Protein chains: 2
Amino acid sequence: MPPMNFCSDCGASLVLQVPEGDNRLRHVCVSCGGIHYQNPKIVVGCIPEWEDQILLCRRAIEPRRGFWTLPAGFMETGETAQAGAARETLEEAEARVEVGGLYACFSLSHVDQVYLLFRSRLLDLDFGPGSESLEVRLFKPGEIPWNEMAFFVIQETLEGYFKDRAKGQYPLRSGEIRRVSEKPGDYRITYL
Amino acid sequence: MPPMNFCSDCGASLVLQVPEGDNRLRHVCVSCGGIHYQNPKIVVGCIPEWEDQILLCRRAIEPRRGFWTLPAGFMETGETAQAGAARETLEEAEARVEVGGLYACFSLSHVDQVYLLFRSRLLDLDFGPGSESLEVRLFKPGEIPWNEMAFFVIQETLEGYFKDRAKGQYPLRSGEIRRVSEKPGDYRITYL
């Protein structure tokens with residue numbers, strides 16, 4: 001979350017107080033009285049499928065440069081979650097997809113994010129690394145670079161996905177991912 | 001979205017420009033260079049069930065004061081979507097629920113919101129109007145005040161819900177609600 005010192009509307013100072021009718025501390029402007037809420041953000045992404053393969057991107061940017069992930073990023077204003085997932089896939093993997101059903105919905109309260117990941121059908125093989133990717137390629141189930149995954153939420157989603165694919169059923173995976181300690185990779189997933 | 005004139009970090013002026021490596025206009029600080037993103041917000045809520053009835057709240061606040069809705073509101077930082085849905089139900093209906101599976105995920109891009117609505121089990125009948133509700137009560141399927149619903153997204157969700165309940169199956173309802181015109185109530189739903 002960005003630092004909240006000044007009112008984005010009038011430029012005066014912000015103070016932390018509980019507005020009338022509210023029950024939590026908010027950043028309130030001492031001059032115009034504007035209340036500046038902070039809320040979780042939505043990360044939208046795709047699991048792009050091609051026959052028995054899925055498409056992954058190797059990250060060209062921090063955090064986790066050089067590690068593999070699904071195409072995903074912050075949902076933008078003015079778009080649907082599905083459109084955002086398709087846009088991220090185009091930007092990061094230069095790939096066109098038909099976005100399908102919601103497959104994963106995970107809250108990551110330690111970073112104030114909610115992930116919405118959609119199954120999707122890759123429309124052609126004309127893909128390549130966008131500016132945020134070093135490399136983009138298709139992986140068969142046995143080829144997934146499990147030890148080089150960028151993010152726990154993506155690794156967990158893909159582990160569930162391949163189990164579901166073996167059964168031919170894809171129930172929504174919904175829950176919470178918590179950071180257990182500051183130790184890298186120390187997370188716990190709970191299905192809710 | 002709040003007006004974006006001044007940097008919340010250093011208080012200097014913001015200008016609209018496309019930052020390096022980005023592809024859309026952002027509010028960028030002329031002094032510290034901070035980028036102030038604007039993103040959609042998440043509305044979390046419950047469909048609280050008690051035997052064959054569901055719980056609705058009559059709104060005490062604008063917009064749509066006096067009309068009926070499900071307990072729902074903006075997800076807060078530091079919580080999961082499910083915890084937020086339970087919190088809103090406690091605040092608006094003074095009701096305790098066990099939150100179940102995600103039932104509806106709708107993007108409302110005209111207001112930059114994503115709704116996440118969960119089926120949930122009312123734990124007892126000790127409920128009542130919170131400060132944002134005029135009245136809270138249980139409704140049998142035939143009693144739902146369809147002509148007094150506050151929001152199209154809630155009305156559509158409940159119409160789907162009662163159809164699903166008749167079949168005993170509750171697949172995720174996911175899609176988009178678009179405002180067709182400025183005429184009140186002129187929305188269109190698309191299942192994606």
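In this entry, B:Arg58 passes the filter for residues that are under 29 Å from B:Leu125 (Cβ atoms) and touching a Leu at 6+ places or on another chain (Cβ under 9 Å). Of all residue pairs spaced 6 or more apart or on separate chains, those with beta-carbon atoms under 6 Å, a first member in region A:148-171 that is under 17 Å from A:Phe106 (Cα atoms) and a second member that is small (Gly, Ala, Ser) and surrounded by 15 or more Cβ atoms within 10 Å (Cβ to Cβ) are A:Thr157/A:Ala104. Within region B:52-78, being of a type in the set (Phe, Trp, Tyr) and buried (at least 16 other Cβ atoms within 10 Å of the Cβ) holds for B:Phe67, B:Trp68.
In region A:34-51, of all residues being in a loop (DSSP other than H, G, I, E, B) and either open to solvent by 40 Å² or more (accessible area, probe 1.4 Å) or under 16 Å from A:Met149 (Cβ atoms) (or both), the one that is nearest to the other protein chains (Cβ to nearest Cβ) corresponds to A:Gln38.
Kindly check whether there is at least one residue in region A:52-66 that is at the interface with chain B (Cβ under 8 Å from one of its Cβ atoms) and either more than 22 Å from B:Leu192 (Cα to Cα) or touching a Phe, Trp or Tyr at 6+ places or on another chain (Cβ under 8 Å) (or both). No, the conditions are met nowhere in region A:52-66. With respect to B:Ala81, is the statement that it is open to solvent by less than 50 Å² (accessible area, probe 1.4 Å), hydrophobic (A, V, I, L, M, F, W, C), within 10 Å of another protein chain (Cβ to nearest Cβ) and closer than 27 Å to A:Leu192 by Cα true? Judged against the criteria, B:Ala81 is a match. Considered as a group, the residues in region A:87-114 that are among the small types (Gly, Ala, Ser) and under 20 Å from B:Arg173 (Cβ atoms) include one that is farthest from the other protein chains (Cβ to nearest Cβ), and that residue is A:Ala104. Selection within region B:84-97: residues that are buried (at least 24 other Cβ atoms within 10 Å of the Cβ) and touching a Phe, Trp or Tyr at 6+ places or on another chain (Cβ under 6 Å). The member of this set that is nearest to A:Glu176 (Cα to Cα) is B:Ala85.
For region A:165-180, residues that are out of contact with any Lys or Arg (no Cβ under 8 Å at 6 or more places or on another chain) and open to solvent by less than 40 Å² (accessible area, probe 1.4 Å) total 3. Of all the residues in region B:4-31, those that are of a type outside the set (S, T, N, Q), assigned to a strand (DSSP E or B) and either more than 8 Å from chain A (Cβ to nearest Cβ) or touching a residue at least 12 places away in the same chain (Cβ under 8 Å) (or both) number 7. In region A:112-136, the qualifying residues are those that are over 27 Å from B:Cys105 (Cβ atoms) and surrounded by fewer than 16 Cβ atoms within 10 Å (Cβ to Cβ), and the one that is modelled with the lowest pLDDT is A:Ser131.
The values are calculated or read from the model by the stated rules, or taken from the named source; none is laboratory data. Quick caveat: nothing in here was measured; it's all calculated off a predicted structure. So basically every Cβ, Gly included, is an ideal-geometry build from the backbone, and we count neighbours across all protein chains shown. For the accessible areas, the whole protein counts, side chains as well, though only heavy atoms, and no ligand, DNA or RNA atoms are used. Shrake-Rupley method; radii C 1.70, N 1.55, O 1.52, S 1.80 Å.
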